[in-house]
Amino acid sequence: MRKLSTLLFIIMLIPGCSNYRELNQLGLVIAMGIDISQNIDNGYRVTFQVINPSQLSPIGSPTGIPVSNYTAESETLVDAYRRASMIIPRDNDVTHLSLVVISEELARRGTNLVFDAFERGKQAKSTFPVFIARGTSAENVLGVVEPLESNPTKSVRSTSENNQKFYGIAKTMYLHEVITTISSEGKDLLLPGIKLNKKLTSKNQSDNLNNIKPSVIEVSGLALFKKDKLAGWYDGEMARNAHLILSEIETTSFPIPCENKYMTLVGKRSKGSIKTLLNPAPTLKVNLDLNTEISEINCNKDLTKTKVLADIEKDLEKELKRKVQETIQISQDTGADVFGFGTNLSKDNPGYWKKHKKEWNTIFKKAKVEVNVNASINDSGLVTDPYEPK
């Protein structure tokens, strides 16, 4: 009897499965798109992208779109999430949230405390990236299904990560980094932009899967924020140059003139640094060190000669110096200190910063810019001289 009582006691201590839920009972929200409400003043239109678990099953041959989008409107994000239960036929679960897209329209109006719900909620996490939907709504971006990546959430992340690796316009910016930057002094926010490369040719999403030139999600510049409002954009090379300054480039390419044609240098292991000087006048100083290799050449250059390589290095330094200065100038024109010159000044000269931080925006706009670029060619490729057609 004593043994039986002991056994029953042990069984009672073993946790049961009372809170167990089958996968087909859950609505796993993997992405959220946040737009301005169409019907509520100062409200939000929120798109919840819910994954279809049946598409993940290894049994059989799943067909159809692997995700579904549900949209709800409310004055707050949490209320929109709860209202979505009226149309989502499963328990909403945001613990797998891996992407948030904010429309350009909302970003220009101001994000204010839009991220509070993500940081405050018990189910929330802050390890997902944030993007700006450029020239379109977040709802539209999350509504595109591509042939190579039929999950829009994965498509956004994969495309941006691929660009970050090979060119450097995009950079994954996680929510906790966004909140830290917005809450800090002396540095403004930079967020990657995404857009549709062209309008859908059909309202039927499955038609896009069979189109040889489908509508796809495209990396599109960097959004410059002044406090919590979008103030402007960096495009193409300017966006890449911003990441060079911030030492956030893995590899990238530099086409430079070469006898009426071009040659391509691939940059690796670049390092940028900034300094805010006060004497004799406020000066924004940028130093950029760049290691490169020659990847392509469309002109006749004897790459065995040291002087030829030195001249190419000088050409790259001159061109890059000009473009980096233009990049800084755009930041000054918009009044968005996205490189953190103010933060640098607050660390090096806290007394000055405490006295002048309220007028830093004016000082930043009028400050002089000094750029130094040091480029070196470490590899000229497997061929010493370009071939000549006979």
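In plain terms, the residue of Leu148, Leu190 with the fewest other Cβ atoms within 10 Å comes first and the most crowded comes last, giving Leu148, Leu190.
Expressed as an acute angle from 0 to 90° and rounded to the nearest 10, what is the orientation of the C-alpha long axis of helix 306-334 relative to the principal long axis of the chain? For helix 306-334, the angle is close to 60 degrees. Considering only Pro192, Pro282, Pro129, the mean-square fluctuation computed in a Gaussian network model of the chain, springs between alpha carbons under 10 angstrom, is largest for Pro282. Considering only Ala133, Pro350, Val50, and ranking their Cα positions along the charge dipole of the chain that arises from unit charges at the beta-carbon of Lys, Arg, Asp and Glu, the one farthest toward the positive end is Pro350. Just want the answer: with Cβ charges of +1 for Lys and Arg and -1 for Asp and Glu, which residue in Ser74, Thr264, Thr201 is farthest toward the dipole's positive end in the chain? The residue sitting farthest along the positive end of the dipole is Ser74. Phi angles across segment 356-361 convert, under the Karplus curve 6.51 cos²θ - 1.76 cosθ + 1.60 with θ = phi - 60°, into 3J(HN,Hα) values of 10, 4, 5, 9, 4, 4 Hz, Gly and Pro given as x. The distance between label points at Arg82 and Cys299 comes to 6.7 nm (points 7 Å beyond Cα on the Cα→Cβ vector). The C-alpha atoms of the chain define a longest principal axis, and helix 152-166 lies at about 20 degrees to it. Dipole magnitude for segment 248-390: computed about the Cα centre from +1 point charges on Lys and Arg Cβ and -1 point charges on Asp and Glu Cβ, it is near 900 debye.
For segment 233-242, backbone phi angles converted through the Karplus equation (6.51, -1.76, 1.60; θ = phi - 60°) give residue-by-residue couplings of 9, 9, 10, x, 4, 4, 5, 4, 5, 4 Hz, Gly and Pro being listed as x. Taking other C-beta atoms within 10 angstrom as a stand-in for reagent exposure, Cys258, Cys299 fall in the order Cys299, Cys258, fewest first.
Report the extension gain between Lys347 and Glu319 in nm, rounded to one decimal, defined as 0.36 nm multiplied by the number of residues separating them, less their alpha carbon distance. Present the calculation step by step, with values, prior to reporting the outcome.
Values: separation 28, 0.36 × 28 = 10.08 nm, distance 3.15 nm.
Full extension from Lys347 to Glu319 adds 6.9 nm.
Summarising the amide proton neighbourhood of Phe128: residues at separation of 5 or more, or on other chains, whose placed amide H is nearer than 5 Å comprise Leu175, His176. Out of all DSSP beta bridges in segment 22-234, what portion is antiparallel? Express it as a percent rounded to 5. Bridges in segment 22-234 that DSSP calls antiparallel: roughly 70 percent. Counted over the chain, the DSSP beta bridges are approximately 70% antiparallel. In the calculated pair-distance distribution of segment 248-390, the portion above 26 angstrom amounts to 39 percent of the Cα-Cα pairs. Taking other residues whose beta carbon is less than 13 angstrom from the beta carbon of Leu77, and scoring Lys, Arg as +1 and Asp, Glu as -1, yields -2.
Using only Cα atoms and rounding to the nearest 10 degrees, what angle (0 to 90) does helix 2-13 make with the longest principal axis of the chain? Orientation of helix 2-13: about 50 degrees from the principal axis.
Here are some pairs, Lys226/Lys318; Lys271/Lys318; Lys271/Lys347; which of them have Cα atoms lying more than 23 Å apart in this structure?
Working: Lys226/Lys318 30 Å; Lys271/Lys318 17 Å; Lys271/Lys347 20 Å.
Checking Cα-Cα distances, Lys226/Lys318 exceed 23 Å.
Rounded to the nearest 20 debye, the dipole magnitude of the chain is 880 debye, with +1 charges on Lys and Arg beta carbons, -1 on Asp and Glu beta carbons, and the Cα centre as origin. Restricting the calculation to Cα atoms, the chain yields a radius of gyration followed by a Dmax of 26.0, 101 Å.
Each reported figure results from applying straightforward, stated rules to the coordinates on display, with no laboratory input. Just so you know, these numbers come straight off a predicted model, no measurement behind them. Every residue, glycine among them, receives a Cβ derived from its backbone with ideal geometry; neighbour counts consider all protein chains shown.
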